[in-house]
2 protein chains.
Amino acid sequence: MDTNKLTVLTIRYLKEAQKTAFQEMIEELHPYDIAELYRALPEKHHYKFLSFLPKANIADLIMELDSDMQLEVLQKLGIERSSKIMDIMENDDLADLLSEISEDNLAEYLSAMEQEESRTVQQLMSYPPETAGGIMTNEFVWIRDYYTVRDAVEKFKSFAEFTRNIYYLYVIDENKKLVGVVSYRDMLIADGSEMIRDIMFNRVISAPIDMDQEEVAQMIERYDFLAVPVVDENNVLKGIVTVDDVIDVFIEEAREDIEKLSASGKDIDFNTPAFVASYRRLPWLILLLFIGLLSGSILDSFENTLEQVVALIFFMPMIAGMTGNTGTQSLAVVVRGLVTNDNDRKTVLKLIWREFKVGIIIGIVCGALVFLIATLWQSVAFGIVVGVSLVATLIIGTMAGTTIPIILSRVGLDPAVASGPLITTINDIFSLLIYFGIATALMQFLI
Amino acid sequence: MDTNKLTVLTIRYLKEAQKTAFQEMIEELHPYDIAELYRALPEKHHYKFLSFLPKANIADLIMELDSDMQLEVLQKLGIERSSKIMDIMENDDLADLLSEISEDNLAEYLSAMEQEESRTVQQLMSYPPETAGGIMTNEFVWIRDYYTVRDAVEKFKSFAEFTRNIYYLYVIDENKKLVGVVSYRDMLIADGSEMIRDIMFNRVISAPIDMDQEEVAQMIERYDFLAVPVVDENNVLKGIVTVDDVIDVFIEEAREDIEKLSASGKDIDFNTPAFVASYRRLPWLILLLFIGLLSGSILDSFENTLEQVVALIFFMPMIAGMTGNTGTQSLAVVVRGLVTNDNDRKTVLKLIWREFKVGIIIGIVCGALVFLIATLWQSVAFGIVVGVSLVATLIIGTMAGTTIPIILSRVGLDPAVASGPLITTINDIFSLLIYFGIATALMQFLI
């Protein structure tokens with residue numbers, strides 16, 4: 001059934017107060033589908049929808065919504081019912097949700113929740129958001145190495161009824177230090193009377209609690225894990241990061257890369273209001289506006305050259321544009337490459353050398369082409385000025401697109417500053433200086 | 001132990017021919033670590049390394065390497081030993097590997113392999129690479145709905161010894177049609193004598209075999225699945241796509257988005273040779289070169305205006321640049337948004353309307369700012385020409401960055417054509433036409 005039909009049916013059930021039929025329908029849906037249905041439903045039906053929905057489904061629903069709608073749901077539920085639902089939400093999602101709530105309300109929710117849940121989630125909220133601690137959940141199953149497989153399976157079973165995401169059992173010693181891991185598959189194959197210590201894997205790969213979320217994601221991707229354990233500085237097991245959260249990290253990091261490259265400002269999506277989107281985009285644009293005026297003042301200083309040979313201007317957009325384009329291409333290779341490659345001296349020098357050669361090759365090809373065109377359109381002297389300028393600006397543009405982001409990240413600045421538009425605007429300046437510099441030097445042949 | 005120490009130890013074992021010690025060391029490593037070790041090892045040790053390595057580990061190693069090194073390994077192993085290893089590789093990875101091999105060799109490998117494996121992998125290779133069929137594996141476990149949980153667990157166990165990635169059992173009817181799904185967790189909780197049909201989930205979400213890999217990835221991400229079943233047009237179960245492959249899809253799609261945005265050409269990474277990188281980048285640059293010359297010819301037609309008021313040129317880089325920048329920002333929002341949002345009429349119209357308002361807001365803010373600057377630098381008439389032009393070009397630039405990629409994807413063209421550099425270059429033309437158009441109209445006030 002598609003969302004439209006489902007929405008119509010839902011509205012009928014809600015209007016006719018057919019609670020049982022409604023709940024039977026919901027029973028068959030995945031959390032994502034319930035969230036789609038909620039989003040598709042006109043707002044006036046939301047209250048009744050929530051009042052008909054069983055607690056566990058509301059918890060699922062909240063975890064699928066984005067933060068604006070999450071807050072709407074909480075507000076419609078009221079603090080008391082909300083806190084009951086928070087008790088059964090997955091702790092990592094709950095921590096994210098609570099971090100969006102204003103401080104006053106937060107205290108109310110936390111005190112209405114069950115004490116243990118409340119304590120656990122506050123602990124999770126204390127870790128920085130983009131680290132292993134910030135994305136981990138504490139819903140994992142631990143066992144001791146003297147358990148038999150049969151004991152472990154029993155413990156696993158009792159947890160499986162409450163939590164969805166358990167794929168591994170973690171083995172800890174008397175100090176809660178992580179010493180091994182066993183997968184459900186290992187247990188299936190093993191004999192019930194075997195000891196865990198004999199079947200467990202000892203060289204556990206774990207993420208330190210302060211590890212950047214991108215590195216945690218890489219770890220899971222490289223080893224094809226379903227979850228990775230998170231430990232503190234004493235190797236004490238604190239939680240796990242699961243593969244579904246890691247997919248979200250990859251999507252988030254890719255979005256951030258694109259925001260960098262396009263200087264489009266953080267967190268603008270299809271639903272961002274126009275005013276907010278403008279506000280987030282304007283700082284960059286205003287900075288680029290001033291850099292653009294700088295290009296203009298360079299032209300001002302070549303006014304003399306320009307007045308004598310107005311035709312020089314005809315090639316200006318092409319030269320400035322091409323320099324920006326090759327810079328953007330190099331920038332993309334660098335930004336994307338820094339995600340998957342090490343940022344060591346040797347790699348970086350090799351890359352700069354490669355891009356230098358690329359600059360020369362594309363400079364010569366494009367320069368030769370434009371020499372021909374400019375010669376036909378204006379004169380041989382023009383062809384030489386334009387062709388030589390293009391070779392020089394393409395080499396410099398390529399190098400600027402390569403080195404500026406590398407230097408920024410090396411000196412510890414956010415390489416986000418090196419966006420495509422910034423590189424383009426800076427390359428404008430380089431290209432104008434070179435082009436009009438060469439033209440001024442060869443002025444006698446042009447007029 | 002880090003890779004350096006491990007490499008030194010490995011070289012010692014290989015030199016001293018300590019096969020047992022070597023294999024014990026390998027035993028403790030994950031496939032990714034074995035691949036890292038292989039990459040770190042000088043090439044002269046590769047042959048011996050492979051001859052010491054057990055078959056199963058070579059299969060793991062091959063699956064972790066990129067295609068150049070995979071082919072090197074096959075060549076070092078020889079066809080006979082390679083085909084033995086192919087027999088135990090995961091079928092989806094094997095299909096990818098074989099698709100890199102020249103046709104002559106391919107036939108040799110396929111005939112040296114076990115007949116059933118060979119047939120299976122040839123079937124997998126027949127699906128287009130970026131579809132559900134192209135990324136699926138056929139290593140899944142199917143059961144019938146009249147099985148008891150106990151029967152199912154037995155079947156699950158017998159498969160678990162051979163394959164790593166089984167999380168669900170798929171229920172099929174007598175025509176091999178997919179009718180249900182059961183997770184290992186459901187089986188753990190259920191009683192051994194229950195029937196599968198009583199505990200299975202009926203509304204199975206499955207991917208059609210020709211579904212684009214990006215949609216399959218979205219499906220797994222939305223539903224937090226570990227695997228999704230792939231079916232043909234008759235709902236016959238053909239294979240499964242697992243979550244680890246989906247992570248690779250997300251990484252690949254993000255890289256493609258960035259390649260689009262920057263027009264940087266496909267498959268350029270840190271290791272691409274300069275000549276190849278240039279060759280891949282040049283087609284775009286040459287196209288953009290001609291569009292850039294078009295801008296120049298527009299200036300040519302305004303030669304009269306330019307000769308009278310050379311100062312008009314001072315603001316040209318800023319206006320052209322700003323129009324390109326706002327276009328790139330909009331483009332990034334659209335390209336990224338089309339990944340996670342539906343591309344329906346309502347969403348698209350809402351987005352265009354939003355971006356129109358954004359264009360107006362940033363147009364007015366930047367236009368007012370530049371009016372002040374131009375008035376102070378030149379004259380009020382100049383301020384008006386430059387300010388009004390900027391308002392108009394920012395609105396048009398924003399709309400171009402929004403609508404061009406949408407239109408391209410709507411008419412079924414590859415929206416890859418709407419890169420940042422292309423939008424920038426097209427916006428150059430718009431901005432020049434508007435700016436010099438307004439200036440020419442108001443010429444009497446400027447001179």
What does DSSP give for the protein assembly as shown in terms of the percent of beta bridges that are antiparallel, rounded to the nearest 5? 75
At what distance in nm do the modelled label points of residue A:69 and residue A:279 sit from each other, each positioned 7 Å from its Cα along Cα→Cβ? 2.3
How large is the Rg to Rh ratio of the stretch B:141-251 when both quantities use alpha carbon positions and Rh follows Kirkwood? 0.97
Considering Cα pairs under 8 angstrom that are at least six residues apart, work out the relative contact order of chain B and quote it in whole percent. 11
Options A:206, A:187, A:242, ranked by Cα towards positive dipole end of the stretch A:141-251, top entry (Cβ charges): A:187
Under 5 Å between amide hydrogens, which residues at least 5 positions from residue B:207 or on another chain qualify, with H placed 1.01 Å from N in the peptide plane? B:230, B:231
For the stretch A:3-128: relative contact order, % (alpha-carbon pairs under 8 angstrom, 6 or more apart): 21
Along the principal axes of its C-alpha atoms, what lengths does the protein assembly as shown span, in descending order and rounded to whole Å? 96, 76, 55
R0 = 25 Å: FRET efficiency of residue B:119 with residue B:256, Cβ-based, nearest 0.05? 0.15
Just grab the label-to-label distance for residue B:376 and residue B:191, each label 7 Å out from Cα along the Cβ direction, in nm (one decimal). 8.5
For residue B:181, the residues 5 or more places away or on another chain with a placed amide H closer than 5 Å to its own amide H are B:171, B:201
Just flag the trypsin sites (Lys or Arg not before Pro) in the stretch B:1-34 sitting in loop per DSSP whose Cβ has no more than 10 other Cβ atoms within 10 Å. none
Once the dipole of the stretch A:3-128 is set up with Lys and Arg at +1 and Asp and Glu at -1 on Cβ about the Cα centre, which of A:101, A:125, A:31 lies farthest towards its positive end? A:31
Sort out the exposed loop chymotrypsin sites (Phe, Trp or Tyr not before Pro) in chain A (DSSP loop, at most 16 other Cβ within 10 Å) and tell me the longest stretch that has none. A:163-447
Listing A:372, B:369, A:261, A:289 by rising number of other beta-carbon atoms within 10 angstrom, fewest first, gives A:372, B:369, A:289, A:261
In order through the stretch B:11-26: 3J(HN,Hα) via Karplus (6.51 cos²θ - 1.76 cosθ + 1.60), integer Hz, x for Gly, Pro: 4, 4, 4, 5, 5, 8, 6, 8, 4, 5, 4, 4, 5, 5, 5, 4
Restricted to Cα positions, what overall size does chain A have along the principal axes? Three whole-Å values, descending. 92, 60, 42
Across the stretch A:242-259, in residue order, what do the Karplus-derived ³J(HN,Hα) couplings come to in whole Hz, using 6.51 cos²θ - 1.76 cosθ + 1.60 with θ = phi - 60° and x for Gly and Pro? 9, 5, 5, 5, 5, 4, 4, 4, 4, 5, 5, 5, 5, 4, 5, 4, 5, 4
Cα convex hull of the stretch B:283-446 - mean projected area over all directions, nm²: 9.8
At q = 0.16 Å⁻¹, what log₁₀ I(q)/I(0) does a Debye calculation on the Cα points of the stretch A:214-335 give, no solvent, two decimals? -0.99
Which percent, to the nearest 5, of DSSP beta bridges fully inside chain B are antiparallel? 75
Positive-end residue of B:297, B:225, B:287, charge dipole of the stretch B:174-308 with Cβ unit charges: B:225
Give, in nm to one decimal, the length gained when the segment between residue A:294 and residue A:157 is fully stretched (0.36 nm per residue of separation minus the Cα-Cα distance). 42.5 nm
Please give the charge dipole size of chain B, origin at the Cα centre, charges +1 on K and R Cβ atoms and -1 on D and E Cβ atoms. Round to the nearest 20 debye. 1480
About the Cα centre, charge dipole magnitude for the stretch A:274-446 (Lys/Arg +1, Asp/Glu -1 at Cβ), debye: 640
So how strong a dipole does the stretch A:1-159 carry about its Cα centre when Lys and Arg Cβ are +1 and Asp and Glu Cβ are -1, to the nearest 20 debye? 700
When A:336, A:150 are arranged by how many other beta-carbons sit within 10 Å of their Cβ, fewest first, they go A:150, A:336
How high is the relative contact order of the stretch B:164-250, in percent, with contacts defined as C-alpha pairs under 8 Å that are six or more residues apart? 26
Residue-by-residue Karplus 3J(HN,Hα) for the stretch A:169-184, coefficients 6.51, -1.76, 1.60, Hz, glycine and proline x: 10, 9, 9, 10, 8, 5, 9, 6, 7, 6, 10, x, 9, 9, 8, 4
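Every number in this text was worked out from the coordinates using simple rules, so none of it is lab data. Keep in mind the model is a prediction, meaning the values are calculated, not measured. When we count neighbours, we look across all protein chains shown, and the Cβ atoms used for this are built from the backbone with ideal geometry, even at glycine.
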